[in-house]
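First comes the structure, then the notes that go with it.
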Amino acid sequence: MEIRPILSTLRRHKTAAALIVLEIALTCAIICNSLFMISDRITQVFETSGIAEKELLRLQIVSIGNDAEQDARTRADLAALRAIPGVKAATVLNQVPFGWSSWNSGIRLKQEDERPMLNATTYLADEQFVDTLGVNIVAGRNFTADEYREATDLLNRIGNDDSVPVALITRALAERMFPGEDPIGKEFYAWSESPTRVIGVMEHLVRPNTLGGPSAREYTIVFPLRTHYNLGGNYLVRTDPERRQEVMEQAKQVLRAGGNDRILMEENSLTMEEMRSKFHSGSRSMAWLLGVVCVALMLITALGIIGLASFWVQQRTKQIGVRRALGATRGQILRYFQTENFILASIGIAIGMLLAFAINQVLMGKYDTARLPLYYLPTGALMLWGLGQLAVYAPARRAASIPPATATRSA
Amino acid sequence: MFSYYFNLALRSFRRDKALTALMVLAIALGIGACMTTLTVFRILSGDPIPTKSDRLFYVQMDAGGKQGFVPGEEPADQLTRFDSEALLREKRGLRQTMTTGGFVKISPEREGQVPFTTDARYATADFFAMFEVPMLYGSGWSHADDENRARTVVLSKEVNERLFGGANSVGQRVVLDRTEFTVAGVMDYWRPTPRFYDMTTDRFSESEGVFVPFSTSRDLNLDRQGNIDCWGDTGGDSTGPNAPCAWIQYWVELESASQAGAYRDYLANYSEQQRAAGRFERPTNVRLRNVMELLEHFRVVPNDVVMQLWLGFGFLLVCLVNTIGLLLAKFLRRGSEIGVRRALGASRRAIFAQCLVEAGTVGLFGGVLGLGLALLGLWGVRQQPASYASLAHLDGWMLLLTFVLALVASVLAGVLPAWRAMQVTPAMQLKSQ
């Protein structure tokens, strides 16, 4: 295939050629960045939470006014919840994964450290925390019965002891705090001036929200402190996935039966699956939106290419007829237009890649986006080459079907 | 002349339906995407209280402990209760209020109604006048009520509907968290967007259902909501009068924006005194931001919305480049027609004008279709779970802007093709016939 005649033709149609190049470049740049953002959102939506999502129900209840009996009533609630047929375990906790509201604490490795090294979220756990959530302990051990304390005692400084001697942490947090070391037995400082010792490592456990960004998603600590229902108002109940609806109804009844001086928060009493879905709805709709825009952009670009290519074919009808009369095959005419499009697309893609990086730089500076990984560039390039070839095929076919006799006609 | 060109444009559309439809569709998609994202952006970045946003100031000062101090860092987002109460006592502004978010349980006394929960706001008397809260019945409470920890409450229109069927309930009894309150006033519908007075909770949600004096809320230990940041030993009570915790939003209204400097000096002075007294351990670091500065500082418009706006404009740009290309093809394909017109005496300027009218006409159709797409897009936004979703409506200005944008964009897109079209030499075109 001779490229020189194509180039010299393009030189005579600079404006139209430049427009196609520009359109491809813009589309390439936008699509590369959009694809990157889409994959980022998809990663978020499919993140590992570390809990038995399909088996969990969350019930939220609050007291009207202060409840002097909140600790005793919490124990009664839990006993009643655990007695529901089909319930495997039930726990009370200060915060819930995907529940947004969270408790956080600065973590120091040494007591004398001026600044905390990071900010971690703190779950307060009772005896059934690990069994209910389905958290997987990969190193060390769970709390033993004598390690649990009442959270109220500690928070209200009863006995003037604010120490939390032991804790579970996630693997992500262990790797950040003690890189390359065995975290079991290591100490850190969080709530008090006395150290907390790591006794177990959980495979995964996410924060209730996205505080601190993706890298801090699993900066999670669990303290063996029994809370009561007025600290966040969260009961989690674990059951079989297919029994969730039935258990939810019964659990609601059980809690309502506990007295009419409390309000069951219906809109917050959901399955963990529903909570997760709500939590990620923003990311999900952004991913869809970006996807729709990408498709629309490709469509517009394809139609633009078809439009201009058809115009060129029409303009060069006579020229094509002459070439056919001089012995050019249909295939050669077809390939002529395909090659022409390939050249234009290549120039557009080259410019588009530079532009994609420029856009990414701006986004990185302003909106804490990550750096665009290099493999998005060939992906975007392949898409646009493919798109160009697809779009030019119909006009090129029409060109190839121009009969040689056209050359002999006058107009 | 214009109507003649317009007529020619319509004729030309009829001749080349596919190409015209393609151009109209491209402009419409671009305009639709752009207007959808722009409308959302405009709603979220608007001035929530335009009459006095330059005179309302949000106070921040660094009350944190020595531990963790980084020179040059922003002071905490909120104030401590101690400092808020001190500033409030000194009353250096025209009006001032300390406020924080809360959560209460209402037990209706009417037959057949069940207890329900609602978001609450704890504030001091000036809140209502400062933020121009519209009142349906009654008014806010008085400074004396603040001092006496009065069991007084202002209801939102919605809560008043629910409890009293919308009747004038001033003086009526309401039971909040088992305590009897008297209704001082009922607000008319009020939803400043963004909800600027508290940056720590959902910034685009509805305003709260009940408003209670701050002092009363502490007296009864009502539930608190929103961020709280503690640094020293709280002694088990993080909302106590001396607790080292920042959880209060403090606002001051000045008589004019120009008094901000003097007030800032006053704050710096206060901060110095606290340091001298040993309460503040960090160097004086105060901030005084007016409403729009505050919204900017807290980046109130979500990143995704800004990103969508850029995406919308990027999309429009591609659509325009596309339209330029197609218009060029369209005009040049009619080279012979233009040649004939030129030969019959039409000036270059006339050809140029005719081409621009044709481009503008494409834009007009694109605008109409784009408007439809924008309405569809906004409907889509309203189906989202975001708290601002229900606000996504096109207003008169945005409607106008849709057409202006469509026309300007398409005429701009037409300039280059029209320029090329008017360069057509009549002789060449006529000869080739």
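Identify, from the list A:I184, A:I199, the residue that is in contact (Cβ under 8 Å) with a residue 24 or more places away in the chain, aliphatic (A, V, I, L, M) and surrounded by fewer than 17 Cβ atoms within 10 Å (Cβ to Cβ).
Just one listed residue meets the conditions, A:I184.
From the list A:P224, A:P195, A:P208, A:P241, pick out the single residue that is touching a Ser or Thr at 6+ places or on another chain (Cβ under 6 Å) and of a type outside the set (A, V, I, L, M, F, W, C).
Result: A:P208 is the single residue among A:P224, A:P195, A:P208, A:P241 that is touching a Ser or Thr at 6+ places or on another chain (Cβ under 6 Å) and of a type outside the set (A, V, I, L, M, F, W, C).
Report, ordered by the first and then the second residue, all pairs with beta carbons closer than 6 Å, sequence separation of six or more or different chains, a first member in segment B:368-394 that is of a type in the set (F, W, Y), and a second member that is assigned to a loop (DSSP other than H, G, I, E, B).
From residues that are of a type in the set (F, W, Y), the pairs are B:Y388/B:F204.
Quick check on my filter: what residues within segment B:299-332 are under 22 Å from B:M199 (Cβ atoms) and more than 9 Å from chain A (Cβ to nearest Cβ)?
B:R299, B:V300, B:V301, B:V305, B:L309 - these are the residues of segment B:299-332 that are under 22 Å from B:M199 (Cβ atoms) and more than 9 Å from chain A (Cβ to nearest Cβ).
I'd like to check something: does segment A:375-390 contain any residue that is farther than 22 Å from A:L26 by Cβ and either modelled with pLDDT under 90 or within 14 Å of chain B (Cβ to nearest Cβ) (or both)?
No: segment A:375-390 contains no residue that is farther than 22 Å from A:L26 by Cβ and either modelled with pLDDT under 90 or within 14 Å of chain B (Cβ to nearest Cβ) (or both).
Look at A:A407 and say whether it is closer than 21 Å to A:I320 by Cβ and within 14 Å of chain B (Cβ to nearest Cβ).
It is false that A:A407 is closer than 21 Å to A:I320 by Cβ and within 14 Å of chain B (Cβ to nearest Cβ).
Which pairs do you get when a residue that is away from chain B (no Cβ under 12 Å), found in segment A:255-266, comes within reach of a residue that is in a loop (DSSP other than H, G, I, E, B) and at pLDDT 90 or above, reach meaning Cβ atoms under 9 angstrom, with the pair 6+ apart or on two chains?
Sorted first by the residue in segment A:255-266, then by its partner, the pairs are A:L255/A:Y229; A:L255/A:S269.
Give just the number: which of (1) acidic (D, E); (2) surrounded by 23 or more Cβ atoms within 10 Å (Cβ to Cβ); (3) within 23 Å of A:L78 (Cβ to Cβ) does A:E218 not satisfy?
Failed condition: (3).
Restricting attention to segment B:242-280, and to residues there that are out of contact with any helix residue (DSSP H, G or I) (no Cβ under 8 Å at 6 or more places or on another chain), under 23 Å from A:E193 (Cβ atoms) and part of a loop (DSSP other than H, G, I, E, B), which single residue is nearest to the other protein chains (Cβ to nearest Cβ)?
B:P244
If you check B:V186 against the conditions, is it farther than 24 Å from A:L211 by Cα, touching a helix residue (DSSP H, G or I) at 6+ places or on another chain (Cβ under 9 Å), of a type outside the set (F, W, Y) and modelled with pLDDT of 90 or more?
Answer is yes for this residue.
Restricting segment B:172-191 to residues that are within 14 Å of chain A (Cβ to nearest Cβ) and out of contact with any Leu (no Cβ under 7 Å at 6 or more places or on another chain), which is surrounded by the fewest Cβ atoms within 10 Å (Cβ to Cβ)?
Going through the qualifying residues, I end up with B:E180.
Suppose we keep only residues that are at the interface with another protein chain (Cβ under 8 Å from one of its Cβ atoms) and touching a residue at least 60 places away in the same chain (Cβ under 8 Å) within segment A:285-299. Which one would you say is nearest to B:I324 (Cα to Cα)?
Checking each candidate, the answer is A:L297.
Here are B:A21, B:A26: which of them is among the hydrophobic types (A, V, I, L, M, F, W, C), without any contact (Cβ under 8 Å) to a residue 40 or more places away in the chain and more than 30 Å from B:G261 (Cβ to Cβ)?
Exactly one of B:A21, B:A26 is among the hydrophobic types (A, V, I, L, M, F, W, C), without any contact (Cβ under 8 Å) to a residue 40 or more places away in the chain and more than 30 Å from B:G261 (Cβ to Cβ), namely B:A21.
Is it true that A:K54 is of a type in the set (D, E, K, R) and within 13 Å of another protein chain (Cβ to nearest Cβ)?
no
Given the structure, is A:I320 buried (at least 17 other Cβ atoms within 10 Å of the Cβ) and modelled with pLDDT under 90?
Against the criterion (buried (at least 17 other Cβ atoms within 10 Å of the Cβ) and modelled with pLDDT under 90), A:I320 qualifies.
When you scan segment B:78-184 for helices (runs of 4 or more DSSP H) that lie fully inside it, which ones turn up with 2 or more residues that are of a type in the set (A, V, I, L, M)?
Because the criterion is at least 2 residues that are of a type in the set (A, V, I, L, M), the helices (runs of 4 or more DSSP H) in segment B:78-184 that meet it are B:81-90, B:127-130, B:157-164.
For B:T239, only one of the following conditions fails: (1) out of contact with any Gly (no Cβ under 8 Å at 6 or more places or on another chain); (2) assigned to a helix (DSSP H, G or I). What is its number?
(2)
The values are calculated or read from the model by the stated rules, or taken from the named source; none is laboratory data. Since we're looking at a predicted model, the values are computed, not measured. Ideal geometry is used to build each Cβ from the backbone, glycine not excepted, and the neighbour counts take in all protein chains shown.
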